[in-house]
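The values are calculated or read from the model by the stated rules, or taken from the named source; none is laboratory data. Keep in mind the model is a prediction, meaning the values are calculated, not measured. Heads up, the Cβs are rebuilt from the backbone with ideal geometry, glycines too, and the neighbour counts pull from every protein chain shown. Keep in mind that these areas ignore ligands, DNA and RNA; they rest on the heavy atoms of the full protein, side chains included. Shrake-Rupley method; radii C 1.70, N 1.55, O 1.52, S 1.80 Å.
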Amino acid sequence: VHAGLASGGQVYFAHQQWAGKGQRGKTWVSEPGQNISMSLVLDSRALPISGQFLLSAAVSLGCLKTAQQYETEGWKVKWPNDLYWRDRKAAGILIENIIRGKEWSFAVIGVGMNLNQDSFPPELSRAVSLKQITRRTFDPLLLAGELTIAIAIQIEILKKDPETILRAFNQSLYKRSEKVTLKQENHPFETRIERVNAEGLLEIEDGRRFRVGEVEFVDGIW
């Protein structure tokens with residue numbers, strides 16, 4: 001994108017990824033040839049610069065709907081945008097935005113989804129693949145095509161009706177309306193998750209709001 005060699009609508013698929021990025025400086029680990037590791041280039045000039053979280057929400061819903069084609073139950077979206085099956089992570093999203101002046105020029109949407117990998121390192125004990133869930137083996141390229149279409153559909157909905165995206169995101173929000181123990185700066189507290197707002201802030205029952213990285217689950221899920 002920065003070199004002017006990419007354009008909106010292009011998708012880059014990696015059969016092997018050796019320097020995968022995750023949220024907040026973490027890494028994304030994937031066995032060669034087994035999973036989806038791809039980047040979608042979006043011309044984001046039609047979207048308001050304030051809507052960066054809603055794009056993330058739309059992408060996570062595309063991942064959710066793709067996974068639900070193969071297993072209907074158990075899926076949730078964990079704030080801000082991870083795909084979870086029960087209490088295990090199946091996909092992660094990282095979006096890098098290119099903003100020039102006051103214009104949101106491009107968004108590079110990185111998606112990693114576990115498809116056929118049937119074992120993970122001990123430090124990734126919460127990871128799960130679609131194969132482990134369904135007992136089926138998938139063609140990563142074919143499923144990447146399905147995922148791309150699903151994401152594109154959600155982005156078109158976002159352009160027309162952002163509230164629909166936010167409402168669907170909250171309907172699928174992991175641990176919503178449940179009592180959880182969160183930790184802020186090493187201070188744990190019990191609360192109930194209410195919703196995520198359009199700016200991407202997590203709202204809890206006492207009215208407080210948190211940005212990504214300000215709180216985490218005590219048991220390490222976040």
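Observations on the structure shown:
- Hits in the range 56-73 - residues which are of a type in the set (A, V, I, L, M) and either open to solvent by 50 Å² or more (accessible area, probe 1.4 Å) or farther than 17 Å from ILE149 by Cβ (or both): ALA57
- Look at the range 172-183: where a residue is of a type in the set (Lys, Arg) and a partner is open to solvent by less than 20 Å² (accessible area, probe 1.4 Å) and assigned to a loop (DSSP other than H, G, I, E, B), sitting 6+ places away or on another chain with Cβ atoms under 8 Å, you get LYS183/VAL215.
- Looking only at the range 101-152, and only at residues there that are in a helix (DSSP H, G or I) and of a type in the set (Val, Ile, Thr), the one that is least open to solvent (accessible area, probe 1.4 Å): ILE151
- In this structure, PHE217 does satisfy being under 19 Å from the mean Cα position of the chain (by Cα), surrounded by 14 or more Cβ atoms within 10 Å (Cβ to Cβ), closer than 18 Å to VAL77 by Cβ and modelled with pLDDT under 95.
- Criterion (in contact with a helix residue (DSSP H, G or I) (Cβ under 8 Å, 6 or more places away or on another chain) and not small (Gly, Ala, Ser)) met by exactly one of LEU61, LEU141, LEU124: LEU61
- Filter pass, GLN52 being open to solvent by 50 Å² or more (accessible area, probe 1.4 Å), farther than 18 Å from TRP104 by Cα and modelled with pLDDT of 95 or more: no
- When the range 92-110 is filtered for residues that are within 16 Å of LEU173 (Cα to Cα) and in contact (Cβ under 8 Å) with a residue 40 or more places away in the chain, only GLY92 remains.
- Failed criterion for ALA67 (all others in (1) under 29 Å from ARG209 (Cα atoms); (2) part of a helix (DSSP H, G or I) hold): (1)
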